Structure formats: structure tokens, C-alpha cells
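Step one of this worksheet: look at the structure below.
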Amino acid sequence: ESTADPGMTTKLLSRYVDKVLLTVEEAEKYLPQGKNYLVTGTPIRQEILTADRAEARKKLGVGDRVCLLSFGGSLGATPINKAVADVIAHFKGRDALHQIHATGSYDYEDFPGMLAERQVSAAGDRHLDIREYLYDMAECLAAADIVLCRSGAVTLAELECVGRASILVPSPYLAENHQYHNAMVLAGKNAAIVIEEKDLSGEKLCAILEELIADPQEIRNLGRNAASLAITDANKRICNEIYALIR
């Protein structure tokens, strides 16, 4: 079970199985008592762990700026896209941010219009990297200082393993609002800042970013706290439990 608030299938099947493997300990409180629960983490791609930060920042042209990586999933999330458009307008012309933003497929063609409404453009600005999708996620995560994103279980596992500060906007449209519970695990350890979608605005996001940029140590603290939650050998732990059960 990858989420902090397990789904109905896991809640049902956990009554009958021999072991339940969890990503986070907090999930156990939502499941039947007296079963064999083990925290193994969620498997992530090896390239996430091995990407070189200095090389990634050089390749992506980040320079000495704070790098903000933002995305809302492969389809995108309009509230996040609108808030990011506000961020681009707010920081335009300043030497504060290098922004890598994936709009997702729904808003990719409309995003230039969002910027135009705010009287800005990404054209010709080497510190504005606007894409539909992140095909080089490992490099982008390695280069980033702050990540703005949803709070799916795999995304959070990746953030923890690379030790990145994050601003999480849980999707409120998924079963049992499980992304909110995922995000709050990190927030409770001072490893992320959480903004519920109903509270998300460009103004609020810009204010948070201004505070973080002015306090690099807080960015490092959030990242360090996220790294303290990382489980980098989830594959091995899961396999060991399966082999032990077979034996």
C-alpha cells in the first residue's frame, strides 16, 4: 500500500493476507489491528537516485538561481498552472528564480494565453523552461531547489530520496482524499509546505516563495527533513519479505 490512507481494496484484503507492506507507518492506523504490517517504502527508479546535481543544473542552465520545478501530473492541473503563471509574472525581470514548469497536456496550448493575460511571455527567457511533460524528471529533480507538485505516493518517495524542499498541493479529486493524507505526513515532519487546492492562489504561492528565497537555510531544512524519511532500498525490502513468506 503506497498511500498514507489505504484504499478500500487494501482495507478489505488486509483481513485475509499474511503480510501488508506499507510505504509509511501512518497507514497502519486505518487498517485492522493485529495484522503483520511492515514499512518497506515505495520503489522508485534508479536514475532518480543517481542523477548528478551539478551536471543537471549545468545542462538545464540554472546558474546560481534558486530552481523551482513545478508540475501537476501528465494531464496537468489548471489551478496549479494559473498559480504558476502568477509566479512567472511576479518574478519576471528579477534574478531570483529559474523555473521549470510542465503544464500537462490539458493546458499546454492555453498556457501562453495565461501568461499573456498577466502581460508576460516566456519567449526568449532562458530562465523560463515551459514544457508539456517532464521526460527528464531525474535531471529536473536533481537540479531543483524547490518542487511544487501534487502529492502522489511515488512523487513523494522521489522527493524524499533526493531530499528536496517541496510545496505540495494535494489533488482533492481522488479517492478518500488520500493525497492530502500523504502530504500531511511530510508536513508533520517539517519536510514540506502544504497548500490545499481550495486555498491555492498566485498571491499565496508568491509569498511562500519570497520567504523561502530569502531564507536559503529553510530550503535546506525542508530538504534535509524530507531526506530523513527516505527509504532508498524499497525494492530489496519488498523482495526480502516475499521470499521470507515463500520460505
*asked:* For the chain, report the % of Cα-Cα distances exceeding 29 Å.
replied: 31
*What's the lysine pair count for the chain at a Cα cut-off below 30 Å, pairs eight or more apart or interchain?*
28
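Round to the nearest 0.05 the FRET efficiency obtained for Ser121 and Lys236 when R0 = 41 Å and r is the Cβ-Cβ distance.
Working: r = 48 Å, r/R0 = 1.17.
The formula returns an efficiency of 0.30 here.
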*Please report, as a whole percent, how much of the solvent-accessible surface of the chain comes from carbon and sulfur atoms (probe radius 1.4 Å).*
50
_With just the Cα atoms defining each centre, how far is the stretch 112-146 from the stretch 32-80? Give it in Å._
16
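With each run of n ≥ 4 DSSP H residues scored as -39500 (n - 2.57), what mean residue ellipticity at 222 nm is computed for the chain after dividing by its residue count and rounding to the nearest 500 deg cm²/dmol?
On the way: 11 runs with 105 residues, N = 247.
So the calculated ellipticity at 222 nm is -12500 deg cm²/dmol.
Stick to Cα atoms and the Kirkwood definition of Rh, then tell me Rg/Rh for the stretch 29-133.
Values: Rg = 18.3 Å, Rh = 16.1 Å.
Rounded to two decimals, Rg/Rh equals 1.14.
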*At q = 0.15 Å⁻¹, what log₁₀ I(q)/I(0) does a Debye calculation on the Cα points of the stretch 1-84 give, no solvent, two decimals?*
-0.80
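Please compute the contact order of the chain in relative form: average sequence separation of alpha-carbon pairs under 8 Å and at least six residues apart, divided by the residue count, as a percent.
Values: 456 pairs, mean separation 54.8, N = 247.
Relative contact order comes out at 22 percent.
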*Compute the long axis of helix 216-227 from its Cα atoms, compare it with the longest principal axis of the Cα atoms of the chain, and write down the angle in degrees, 0 to 90, nearest 10.*
20
*asked:* Output the 0 to 90 degree angle, nearest 10, between the alpha-carbon long axis of helix 202-214 and the longest principal axis computed from the alpha carbons of the chain.
replied: 90
*Helix 178-187 versus the longest principal axis of the chain: what is the Cα-based angle in degrees, 0 to 90, to the nearest 10?*
80
*For the chain, what is the accessible area per residue in Å² when the probe is 1.4 Å?*
50
*asked:* Once you place label points 7 Å from the Cα toward the Cβ at Val154 and Glu109, how far apart are they in nm?
replied: 2.7
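The values are calculated or read from the model by the stated rules, or taken from the named source; none is laboratory data. Note that the structure is predicted; figures quoted are calculated from it, not measured. Every residue, glycine among them, receives a Cβ derived from its backbone with ideal geometry; neighbour counts consider all protein chains shown. The protein model used for the area step is the full one, side chains on, heavy atoms only, and it has no ligands, DNA or RNA in it. Shrake-Rupley method; radii C 1.70, N 1.55, O 1.52, S 1.80 Å.
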